[in-house]
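Quick notes on the structure that follows.
Readers should treat all values here as calculations from the given coordinates under stated rules, not as data from a laboratory. Keep in mind that what you see is a predicted model, and the values were worked out from it rather than measured. Here the Cβ positions follow ideal geometry from the backbone for every residue, glycine too, while neighbour counts run over all protein chains shown.
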Amino acid sequence: MIKNQSFKLMLIALSLSVSSCAVFQKQDKKDAKTASSEESKKDKDGMKPYAKVITKDAKSDEGLFTVHKVDEKYFYEIPDSLFNREMLTVTRIAKTASGIGFGGGKQNTQVHRWQKKGNKVLLRVVSYDIYAADSLPVHEAVVNSNFEPIVESFDIKTVGKDSISKSTVIDVTDLYTKDVQALGLPDRTRKQYKVSRLDDNRSYIDTIRSYPENIEIRHVKTYNAGDPPSNESLGSISLEFSNSMILLPKIPMERRYFDERVGWFTTEQTDYGLAAQKSETVEYLDRWRLEVKDEDIEKFKNRELVEPKEQIVYYIDRATPEQWVPFIKQGIEDWQVAFEAAGFKNAIVAKDAPTVEEDPDWSPEDVRYSTVRYLASPIPNANGPHVSDPRSGEILESDINWYHNVMTLLRNWFFVQTAAINEDAQGVAFKDEVMGRLIRFVSSHEVGHTLGLPHNMGSSVAYAVEDLRDPEFTKEFGTAPSIMDYARFNYIAQPEDGDVALMPEIGPYDKYAIEWGYRPILDKEGKEEKEILDQWILKHAGDAKYRFGRQQSGVIDPSSQTEDLGDDAMLASEYGIKNLKRIVPKLIEWTAEDGKDYDDLDDLYGQVLSQYNRYMGHVTANIGGVYEYYKTYDQEGAVYTHVDAEKQERAMEFLQEQLFTTPEWMINQDIFNKIEFDGNIERIRGMQERTLNNLLDFGRMARLMENEEINGKDAYSLLDMMTDLRKGLWSEIYNGRSIDRYRRNLQRAYVEKMGELMTEEQDEIPARYRSWVTRSNVNVAQSDIRPVVRGELTTLQRQLRNTVNSGDTLTRYHKQDLLKRIDLILNPMK
């Protein structure tokens, strides 16, 4: 009985077990069917489970976005909290082929915004060109007029695993492998090299690295090109680009508004929300965010120096030759003294880039690091661009591009401007300590640009010419009040002057400008600062050491020129020419080396002539010149003032004596027979013609006429200038002397130019240059220019006729020829 009962219980248990298995099997099938249905649905929507997209083989890099590499595809996992945040994207050439830019060269800068729209993610371009505060009614109109273009649209592949910190995954492979122009070769370069299309098969992503506040992308692009600058047989251009995408601060830095009386690089914006009855363009400074620590505010108020919350740090590129590193670092830290004027100590520091062993991921393209980039390029130059937040002007990063051949440029300048008085410059190769000091000078200048300072070409005229021959004065003040001027080296000092300073350093203007731009004004913000900033400017008003003079594309203001020194171009250039006359006889000796050819002799003789041409330009600018001194309504005096007549007359006399009278000192047969088989006659003719054409410029003539209209008999008029020019160029027909070959060439150039003045109109400025080219415009046909030219030619014609039979045979032939030429100009229909 018991056994049967046990057996029955066993059967019941077995039955239940079988039944349970059947139920579970049915449930498993149902679950599998449901899962299959959900996966099918996600496939249909373009989304898959996270594990299906970011597989276990994925290589992931966490940072601003998490970057996943799966096989050859790259995915961004974007935290949803970062959608609609502004990000600055900077496109640079990382590696280049010969003839196409240089490594580190910036190609494009844009503000982007990642935006989630349904099952898509959009990459949009954000513009801050126009603006109105979002609290104002006009803000809506500004938004409607500033629709953000879409760079690219991405399907959402999946969503992140974390349900709390949500994220969205997109495939960005095509963004960097396809031809997205904003992230690759700009249109101007495409046109230059006749680029037809991107070759996808030869384009790929090298690396994408994610950091806490930025993502760094390296990708290689190959473009088919009809006119590549190198490797022509390939018919293509291959470049490696770097794209730096940096998260902009949630709260922009407080702006400091621009004043033209202090030179500064700026960001500008059209603001429709101002009280003015029109839209206005506002400009604000590009500058680093230097802030006082909370615990140091009282010290700062008591004028004690304090360290900023964050220093400005520059790293020296690993590729920089070791012997130059200390000098570049010194040039950077020379600016400490300027920041001390702004209330900060240790505000700017230079550091060595970490070694590969110390930080294998460190890259000069990483926008977290400001770097002095050493570039293997034949370009004899250096430059200091920066990247700034367009909302506030905050400088986020800067790279100083240091081209290898800048040393050639430094050698040439230092040689031609100081060799007459300086043994260290009397040779082709300088000692390392000499070249190092020159490198430090250029480093300081370029760092100034990265701090926000443009060239101040009005600085060097603050010092009297004779003071630049004084050892005590130059030791205390240098050779110019600003290192941001193009006042290279002291070409004025003479051998008898002793130990004068040869170059500028961080000067009074530089300290003043940095204080004006960087000293925090506590408890004030934006336009509330203006009254205080104005007071700082007015404190130095009228003192030439603190004047800013802009860089001119065409020189109208002779007190704001490149490469000049001192307050009197004629006297300064006279001293400079005396030194050139000392250098020329020594050129062979100073360039000699057994077994070497004469390339250096040829090069440095050419540098002498280039320096001489600069002097001619400095002097010519005074004729028809107009000074520009920036002022506001609360300052007395004119902004624009014509150069006085006496100075213009002296300029004309200088040109007649130093240039138009044949510069015999240049003619050195010992040099010519080593560097050329011919060319000296053409060289001198070309120099004279260049200055002659510069003098007879329509814009210059327009200013001379304007001056006469304003100042009457006190002005140096157009007729005065033309009469003085004719009498100087044609002095032989007044004194009866024969005319040598150099002068005959010059006189023919004069007649030819006068003929052009009778028929030509002022050239139109090409559209691409209109924003920065400055000149005086004139309607030539309706002005006094042609009557004056006709009158001068008629007078010259009469004087030539009276003396046509005097002089040697070539002189007589020359005069007869000129009479025919003048007749054809005056009577073209004859």
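Quick notes on this one:
- Cα gyration tensor category, rounded, prolate or oblate, for region 230-270 with a/c compared to 1.5: oblate
- Estimated vicinal HN-Hα couplings, Hz - region 648-654 in sequence order (Karplus 6.51, -1.76, 1.60; Gly, Pro = x): 5, 5, 5, 4, 5, 4, 4
- If you plug the beta carbon distance of LYS309 and ASN108 into 1/(1 + (r/R0)^6) with R0 = 35 Å, you get a FRET efficiency near 0.70.
- Total formal charge among the other residues, if their Cβ is under 11 angstrom from that of GLY625, Lys/Arg +1 and Asp/Glu -1: 0
- The phi torsions of region 436-444, fed into the Karplus equation with coefficients 6.51, -1.76 and 1.60 and a -60° offset, translate into couplings of x, 5, 5, 5, 4, 4, 5, 4, 4 Hz, rounded to whole numbers, with Gly and Pro shown as x.
- Out-of-range pairs (alpha-carbon distance over 31 Å; input LYS178/LYS329; LYS250/LYS524; LYS431/LYS596; LYS52/LYS117; LYS293/LYS527): LYS178/LYS329
- With contacts taken as Cα pairs under 8 Å and at least 6 residues apart, region 290-403 reaches a relative contact order of 24 percent.
- Take every DSSP beta bridge whose two residues both sit in region 290-403; close to 30 percent of them are antiparallel.
- In the chain, helices alone account for a calculated mean residue ellipticity at 222 nm of -11500 deg cm²/dmol, with every DSSP H run of four or more residues adding -39,500 (n - 2.57).
- Identified option (computed Cα extents along the principal axes in Å; candidates (i) 93, 76, 57; (ii) 80, 78, 70; (iii) 160, 69, 66): (iii)
- Sorting the segments 385-395, 150-160 by their mean number of nearby beta carbons within 10 angstrom, highest to lowest, gives 385-395, 150-160.
- Qualifying chymotrypsin sites (Phe, Trp or Tyr not before Pro) in region 395-479, where qualification requires a DSSP coil assignment and no more than 12 other C-beta atoms within 10 Å, are lacking entirely.
- Annotation: amide H-H contacts under 5 Å for ARG287 (H modelled 1.01 Å from N, sequence separation of 5 or more, or interchain): GLU394, ILE395.
- Scanning residues 5 or more positions from GLN107 or on other chains, those with amide H under 5 Å from its amide H are THR91, ARG92, ILE93, with H placed 1.01 Å from N in the peptide plane.
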